[in-house]
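Enquirer: First, the structure itself, so that you have it in front of you.
The values are calculated or read from the model by the stated rules, or taken from the named source; none is laboratory data. Small disclaimer: the values here were computed from a predicted structure and weren't measured. Neighbour counts run over all protein chains shown; Cβ positions are idealised from the backbone, glycine included. Accessible surface is based on the protein model in full, side chains and every heavy atom, while ligands, DNA and RNA are left aside. Shrake-Rupley method; radii C 1.70, N 1.55, O 1.52, S 1.80 Å.
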Amino acid sequence: MAMIKSHDGYDLHCYTDDFLFPWEQPTPVVLTHGFARHGLFWNPWVPLLGSERRVYRPDVRGFGDSDVMPDSYKYNVDDLLTDIVRSLDQLGLETVHWVGESSGGTLGIALAANHPERVKSLVLMDAPAHPYSDPTTWEDNSIDCASPQEAILKYGLQEWCRITLGRRLDLDRSSPELQQWYCEQTGRNADRSAVGWSDVNVELDLRDLLPKIKAPTLILAGQKSPIVGKQQQSMAEGILGARLHLFEDYGHGLSLTATEQCVAEVKALWAEVEGS
């Protein structure tokens with residue numbers, strides 16, 4: 001595990017999975033979690049990648065084992081992007097293969113567009129450029145409240161996650177044990193952290209950044225995902241040379257429900273990028 005000091009003095013946690021000899025120096029991998037999750041959601045990926053790559057799994061500020069932000073703090077994209085760059089710097093990662101799941105992919109869009117020298121390849125998995133482009137996202141996440149933020153505060157993050165779980169995890173392709181674990185792990189995080197990140201997501205629209213991405217890009221998404229299914233084709237068209245694979249009859253949460261298939265496609269991308 002590593003702790004990175006943010007520009008404003010908070011501790012940012014990152015899991016570091018290093019099973020290589022010191023002289024082995026392949027391009028490292030950063031796996032970034034989605035909204036209100038943390039680095040342990042990538043656990044199934046580590047055995048599949050760890051024999052070949054150093055793997056870094058950061059916890060976004062306020063989540064996992066990173067410091068919870070004070071009540072007065074207002075989440076913003078600039079701080080989230082600065083955290084990423086600062087973490088790469090302090091970990092000594094000059095350039096990386098970035099794999100982002102859901103909102104972690106959205107952060108990858110910002111990184112690849114604004115700091116292209118840091119991203120050797122970009123994998124966007126169930127990742128929206130415009131998280132609230134579909135009105136059902138607002139309606140479903142709000143449950144019976146005026147906004148998603150109010151619903152999180154009313155029900156608490158774990159119960160809110162349970163009620164809305166079908167939006168972020170394909171319930172037909174996940175076991176009851178995985179569903180329970182997912183909600184419990186989401187509930188480890190502070191309600192106010194989720195409200196703060198939600199404040200960012202409801203206003204966020206990164207579609208104008210897509211043409212600025214130069215890194216080889218792979219977009220993986222569940223065709224039936226209620227969050228991203230409708231915008232993946234336009235995202236692929238907006239990024240020069242991007243490849244899109246829509247998983248037929250899959251919902252959201254590919255990183256957990258189609259792990260081996262996704263890893264195989266990701267490794268193929270890296271082999272192509274590094275071979276060229």
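Enquirer: Report yes if some residue within region 52-67 is open to solvent by 20 Å² or more (accessible area, probe 1.4 Å), over 19 Å from the mean Cα position of the chain (by Cα) and either polar (S, T, N, Q) or within 27 Å of Cys161 (Cβ to Cβ) (or both); otherwise report no.
Expert: Among the residues of region 52-67, not one is open to solvent by 20 Å² or more (accessible area, probe 1.4 Å), over 19 Å from the mean Cα position of the chain (by Cα) and either polar (S, T, N, Q) or within 27 Å of Cys161 (Cβ to Cβ) (or both), which makes the answer no.
Enquirer: Further question: Output the strands (runs of 3 or more DSSP E) that fall wholly within region 1-63 and possess 2 or more residues being closer than 16 Å to Asn189 by Cα, or say none.
Expert: Numbers: elements: 2-5, 11-17, 29-32, 55-58.
Correct list: 11-17.
Enquirer: I would also like to ask the following. Among the listed residues Asp126, Asp134, identify the single one that is at pLDDT below 95, surrounded by 15 or more Cβ atoms within 10 Å (Cβ to Cβ) and either within 21 Å of Gln185 (Cα to Cα) or touching a Lys or Arg at 6+ places or on another chain (Cβ under 9 Å) (or both).
Expert: Numbers: Asp126 fails: at pLDDT below 95.
None of the other options fit; the residue is Asp134.
Enquirer: Another question, then. Which count do you get for residues in region 13-40 that are open to solvent by 10 Å² or more (accessible area, probe 1.4 Å) and either under 24 Å from Cys183 (Cα atoms) or of a type in the set (Val, Ile, Thr) (or both)?
Expert: From region 13-40, those open to solvent by 10 Å² or more (accessible area, probe 1.4 Å) are 15-28, 35, 40; that's our starting set.
In the following step, the residues that additionally are either under 24 Å from Cys183 (Cα atoms) or of a type in the set (Val, Ile, Thr) (or both) were identified as 15-16, 27, 35, 40.
Looking only at that region, the number is 5.
Enquirer: Look at Thr164 and say whether it is at pLDDT below 95 and surrounded by fewer than 22 Cβ atoms within 10 Å (Cβ to Cβ). Spell out how you get there, then give the answer.
Expert: On the way: at pLDDT below 95: no; surrounded by fewer than 22 Cβ atoms within 10 Å (Cβ to Cβ): yes.
No, not satisfied.
Enquirer: Hey, can you tell me all the residues within region 119-139 that are touching a helix residue (DSSP H, G or I) at 6+ places or on another chain (Cβ under 8 Å) and assigned to a helix (DSSP H, G or I)?
Expert: Selection gives Thr137, Trp138.
Enquirer: Now a separate question. Can Ile213 be described as buried (at least 20 other Cβ atoms within 10 Å of the Cβ), among the β-branched types (Val, Ile, Thr) and touching a Pro at 6+ places or on another chain (Cβ under 7 Å)? Reasoning before the result, please.
Expert: On the way: buried (at least 20 other Cβ atoms within 10 Å of the Cβ): yes; among the β-branched types (Val, Ile, Thr): yes; touching a Pro at 6+ places or on another chain (Cβ under 7 Å): no.
When the stated conditions are applied, Ile213 does not pass them.
One line per residue, one yes/no per condition, for (1) of a type outside the set (A, V, I, L, M); (2) crowded, with 21+ Cβ neighbours inside 10 Å; (3) assigned to a strand (DSSP E or B); (4) modelled with pLDDT of 95 or more:
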site: Pro70; (1), (2), (3), (4): yes, no, no, yes
site: Leu81; (1), (2), (3), (4): no, no, no, yes
site: Leu88; (1), (2), (3), (4): no, yes, no, yes
site: Trp98; (1), (2), (3), (4): yes, yes, yes, yes
site: Ile109; (1), (2), (3), (4): no, yes, no, yes
site: Ala112; (1), (2), (3), (4): no, yes, no, yes
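Enquirer: Of all residues in region 128-178, count the ones that are without any contact (Cβ under 8 Å) to a residue 40 or more places away in the chain, closer than 22 Å to Glu248 by Cα and among the aliphatic types (A, V, I, L, M).
Expert: Matching residues across region 128-178 total 1.
Enquirer: Another question, then. Just checking, does region 167-178 include any residue being within 27 Å of Asp79 (Cα to Cα), out of contact with any strand residue (DSSP E or B) (no Cβ under 8 Å at 6 or more places or on another chain), of a type outside the set (A, V, I, L, M) and open to solvent by 80 Å² or more (accessible area, probe 1.4 Å)?
Expert: So far as region 167-178 goes, no, none of its residues is within 27 Å of Asp79 (Cα to Cα), out of contact with any strand residue (DSSP E or B) (no Cβ under 8 Å at 6 or more places or on another chain), of a type outside the set (A, V, I, L, M) and open to solvent by 80 Å² or more (accessible area, probe 1.4 Å).
Enquirer: Right, next: Suppose we keep only residues that are surrounded by fewer than 14 Cβ atoms within 10 Å (Cβ to Cβ) and in contact (Cβ under 8 Å) with a residue 60 or more places away in the chain within region 253-276. Which one would you say is farthest from the chain's Cα centre (by Cα)?
Expert: The extreme case among them is Glu274.
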